[in-house]
């Protein structure tokens, strides 16, 4: 039973990697509550957590070296709890803005461990199963938390932020069921190897670049999809919002699909994800109906789930065991930077091409995904040559037998 709750605790951590935008629907009401605050600054509340995530995801490994992985995760959950409910307790905009940065800091402290611990603690089919379930929990968790925030918002916008109380039971689960020495390398590991744990292999930098480009392009859907639907006159903003909500379920489906892909086509899992992404953006480029666009959005959700799970699994394949946490944090950081700069990239592309139509942005995204798809196919063909090789399984968690 204890092992079951340990697995559940790790899987539930995935929810917090996507929880920052759960209260995005409060923005219109906040604009009315703060008429003297620049609207752009209020809208920034939903994206500013990315800064904390970008900075503290790599730093989390240094905190873990000093205070332990478990304590770092617990600290992240406590920061998320306090920062998350702060807007429910105050109308001081400065405190609210700072609390949103705090959400990013807390998320950054635990984000990489939510994935890297699965790679460290589990092997083979068990690892693939856990990674797939991680995507399932992430997708369904994002939907449940967002839905709960929407229900609470029926009272007023501040009550929506009580949704972050979910961090409290999560912290208790981690405190009681995650072993104290989780994530530590075997006692026989030398000082040199400990220092090497912060070394990032060149192949991981390439993988991180892939993650950056993937997220830059994927985020086009969050900033351009509603405009696409409205400008082509086949739906309303509400229709677009409903379709985007379907991505949560598609991500959950993608988690189940990942398990099958890893079992039968492991070398091409990332290529399959990029294939879904390319097809999705092609569909959105030519779509003039809600049904066809819905298919495209579903494919995007599947692509995101499979790609992110494949990315983290690939880190474990490309590096030694003790390098997994820091290398994972690097890849996740690059992905978050991609999300953060995506609006500016989309704007730059439009300005250079002299075409501001949202359909054109999706067309460019289709080409980017297609190029990444071809490169991923080539990587798959050489998959055996990319393995870390000797020493890959030499360093495992001290509780590896937990699986």
*Just to be sure, is residue 327 touching a residue at least 60 places away in the same chain (Cβ under 8 Å), in a helix (DSSP H, G or I) and not assigned by TED's automatic domain parsing to the domain that holds residue 123?*
yes
_Odd one out for residue 71, checked against (1) farther than 30 Å from residue 331 by Cβ; (2) touching a helix residue (DSSP H, G or I) at 6+ places or on another chain (Cβ under 9 Å); (3) without any contact (Cβ under 8 Å) to a residue 40 or more places away in the chain_ = (1)
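Specify which of the listed residues (101, 118) is free of Cβ contacts under 8 Å to residues at least 60 places away in the same chain and touching a helix residue (DSSP H, G or I) at 6+ places or on another chain (Cβ under 9 Å). Let's see the steps before the verdict.
Values: 118 fails: free of Cβ contacts under 8 Å to residues at least 60 places away in the same chain.
Among 101, 118, only 101 is free of Cβ contacts under 8 Å to residues at least 60 places away in the same chain and touching a helix residue (DSSP H, G or I) at 6+ places or on another chain (Cβ under 9 Å).
Being surrounded by fewer than 23 Cβ atoms within 10 Å (Cβ to Cβ), touching a residue at least 12 places away in the same chain (Cβ under 8 Å) and more than 20 Å from the chain's Cα centre (by Cα) is true for just one of 290, 284. Which residue is that? Don't jump to the end; show me each part of the working.
Values: 284 fails: surrounded by fewer than 23 Cβ atoms within 10 Å (Cβ to Cβ).
After applying the criteria, what remains is 290.
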*If residue 355 satisfies every condition in (1) surrounded by fewer than 18 Cβ atoms within 10 Å (Cβ to Cβ); (2) assigned to a helix (DSSP H, G or I); (3) free of Cβ contacts under 8 Å to residues at least 60 places away in the same chain but one, which is the exception?*
(2)
*Please go through the range 25-41 and pick out each residue that is assigned to a helix (DSSP H, G or I) and free of Cβ contacts under 8 Å to residues at least 40 places away in the same chain.*
27, 28, 31, 32, 39, 40
*Hey, any hits in the range 58-76 for a residue that's surrounded by 18 or more Cβ atoms within 10 Å (Cβ to Cβ), under 19 Å from the mean Cα position of the chain (by Cα) and not in a helix (DSSP H, G or I)?*
no
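Limited to the range 77-108, what total is found for residues that are farther than 21 Å from residue 37 by Cβ and either outside any helix (DSSP H, G or I) or under 17 Å from the mean Cα position of the chain (by Cα) (or both)?
Looking only at the range 77-108, we keep the residues that are farther than 21 Å from residue 37 by Cβ, and these are 77-82, 105-108.
Next cut, either outside any helix (DSSP H, G or I) or under 17 Å from the mean Cα position of the chain (by Cα) (or both) only: 77, 80, 105-108.
Of the residues in that region, 6 qualify.
Determine if the range 193-206 includes at least one residue that is within 24 Å of residue 283 (Cβ to Cβ) and either modelled with pLDDT under 90 or in contact with a helix residue (DSSP H, G or I) (Cβ under 8 Å, 6 or more places away or on another chain) (or both).
Quick first cut of the range 193-206, residues within 24 Å of residue 283 (Cβ to Cβ) only: none.
So far as the range 193-206 goes, no, none of its residues is within 24 Å of residue 283 (Cβ to Cβ) and either modelled with pLDDT under 90 or in contact with a helix residue (DSSP H, G or I) (Cβ under 8 Å, 6 or more places away or on another chain) (or both).
The values are calculated or read from the model by the stated rules, or taken from the named source; none is laboratory data. What you see is a predicted model; the values in this text were computed from it and never measured. Heads up, the Cβs are rebuilt from the backbone with ideal geometry, glycines too, and the neighbour counts pull from every protein chain shown.
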